[in-house]
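Encoded as structure tokens, the structure appears first; notes follow it.
The values are calculated or read from the model by the stated rules, or taken from the named source; none is laboratory data. Only a predicted model underlies this, so the values are computations on that prediction, with no experimental measurement involved. Cβ: placed from backbone, ideal geometry, glycine included. Neighbour counts: every protein chain shown. Each accessible area value is taken on the protein alone, full model and side chains, heavy atoms only, with ligands, DNA and RNA left out. Shrake-Rupley method; radii C 1.70, N 1.55, O 1.52, S 1.80 Å.
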Amino acid sequence: MVQAKTWILTKHFDGFPKDSDFELKVEELPALKDGEVLLEAVFLSVDPYMRPFSRVRMNEGDVMIGTQVAKVIQSNNPAFPVGSHVVGRCGWRSHTVCDGMGLVPIMPEWPQDVSLSLALGAIGMPGLTALYGIEEILGLQKGETLLVNAAAGAVGSVVGQIAKIKGCKVVGSAGTDAKVAFLKELGFDEAFNYKTVGSMEEALKKASPDGYDCFFENVGGLSSSVALQQMKNFGRIAVCGAISTYNDSTPQTGPFPHLTMIFKQLKMEGFMQSRWEHKNPESLKRLMGWLKEGKLQCREHITKGFEKMPAAFMGILQGENVGKAIVAV
């Protein structure tokens, strides 16, 4: 019998998550039935979305939600041979028995010298989020100016690079000087530390005096309202995240953007990358192509040890990561 380690949500988060909200358990897995596979986690993802989604998609006592790259170590399913690797929404589990539904095989042309962890990052959900936000929501065009916040994170860092590939001016905001330096390495035209600038409004004006055609929104809250004031007329906003609000016990209030949106005739749309899942195979090939061409750089913040899943998760909510946060088993 194979034993699986799992991280359980013992209590829905109240404010910022804490250690006591999680419990590490061990369970024995059943023998495989026909069509089933046994997976062993290799890399696990920790992402900001887990904070709000846990409230609406989980009950207390459930295994924490999440995606992993896993190796097939036993198989009664010819579609998933032993030794192959898949991306699966298995949650925070070291081992999983499943019937193969929802598993996505790693693309067969995955280069030997590229870590499979990137299937959870730039060549995975965050990269797809960046791509679809830019192309499907914003319709970003060559020569336009794009603003992206949380720009040194898993999604934001890819957003900026794709925008540069498309011939745009890119301005990014981040929360440390080290992250700002990273954005400069990636080719951002302008970048600033929103925590140390005297005025967010002045920083945005200095970075792009003519304003912004597009805004890729990851943060929400007050800074978002300030950014909307700097949009050009008929500007477009893709709302991907609102991490500044995820841990609030009491909802934030105002200022409210409605008059700004009316006067500037702005278009704002929220989205999740799953809307375009049918495009994923082709989109992942495009992202991998940019990586191999040297147009897409990938930075990872790797935590070693399945036992450190909660710490890694809480770390991203505090902005500890540069690039994609990954837990390596």
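Residue check: is Pro111 open to solvent by less than 30 Å² (accessible area, probe 1.4 Å) and at pLDDT 95 or above? Spell out the reasoning first.
Working: open to solvent by less than 30 Å² (accessible area, probe 1.4 Å): yes; at pLDDT 95 or above: yes.
Yes; evaluated as a whole, the condition is true for this residue.
Among residues of the stretch 215-235 being of a type in the set (Gly, Ala, Ser) and in a helix (DSSP H, G or I), the one that is surrounded by the most Cβ atoms within 10 Å (Cβ to Cβ) is Ala227. What are the residues in the stretch 81-107 that are open to solvent by 20 Å² or more (accessible area, probe 1.4 Å), of a type outside the set (A, V, I, L, M) and either farther than 19 Å from Glu277 by Cβ or not in a loop (DSSP other than H, G, I, E, B) (or both), if any? The answer is Pro81, Gly83, Ser84, His85, Arg93, His95, Cys98, Asp99, Pro105.
So in the stretch 3-31, with the set limited to residues that are open to solvent by less than 40 Å² (accessible area, probe 1.4 Å) and more than 23 Å from the chain's Cα centre (by Cα), which one is farthest from Cys90 (Cα to Cα)?
Per the criteria, the residue is Leu29.
If a residue must be open to solvent by less than 20 Å² (accessible area, probe 1.4 Å), closer than 22 Å to Ser244 by Cα and in a helix (DSSP H, G or I), how many such residues does the stretch 160-214 contain? Going through the stretch 160-214 one residue at a time, the tally reaches 5.
For the stretch 55-70, filtered to residues that are without any contact (Cβ under 8 Å) to a residue 40 or more places away in the chain and under 12 Å from Phe313 (Cα atoms), the residue that is surrounded by the fewest Cβ atoms within 10 Å (Cβ to Cβ) is Ile65. On the given criteria, is Met268 open to solvent by 60 Å² or more (accessible area, probe 1.4 Å) and at pLDDT 95 or above? So Met268 fits the description; yes.
Pairs please, first residue from the stretch 42-54 and among the β-branched types (Val, Ile, Thr), second anywhere and part of a helix (DSSP H, G or I), Cβ atoms under 6 Å, 6+ apart in sequence or on different chains. So the pair list comes out as Val46/Ala312; Val46/Phe313; Val46/Ile316. Against the numbered list (1) buried (at least 22 other Cβ atoms within 10 Å of the Cβ); (2) in contact with a Cys (Cβ under 8 Å, 6 or more places away or on another chain); (3) in a loop (DSSP other than H, G, I, E, B), Gly143 comes up short only at (1).
Thr250 meets each of the listed conditions (1) without any contact (Cβ under 8 Å) to a residue 60 or more places away in the chain; (2) within 30 Å of His95 (Cβ to Cβ); (3) open to solvent by 90 Å² or more (accessible area, probe 1.4 Å) apart from (2). Scanning the stretch 285-320 for residues that are open to solvent by 20 Å² or more (accessible area, probe 1.4 Å), closer than 18 Å to Ala119 by Cβ and in a loop (DSSP other than H, G, I, E, B) turns up Gln297, Cys298, Arg299. The single condition among (1) open to solvent by less than 20 Å² (accessible area, probe 1.4 Å); (2) in a helix (DSSP H, G or I); (3) of a type outside the set (Phe, Trp, Tyr); (4) within 24 Å of Gln318 (Cα to Cα) that Ala238 does not satisfy is (2).
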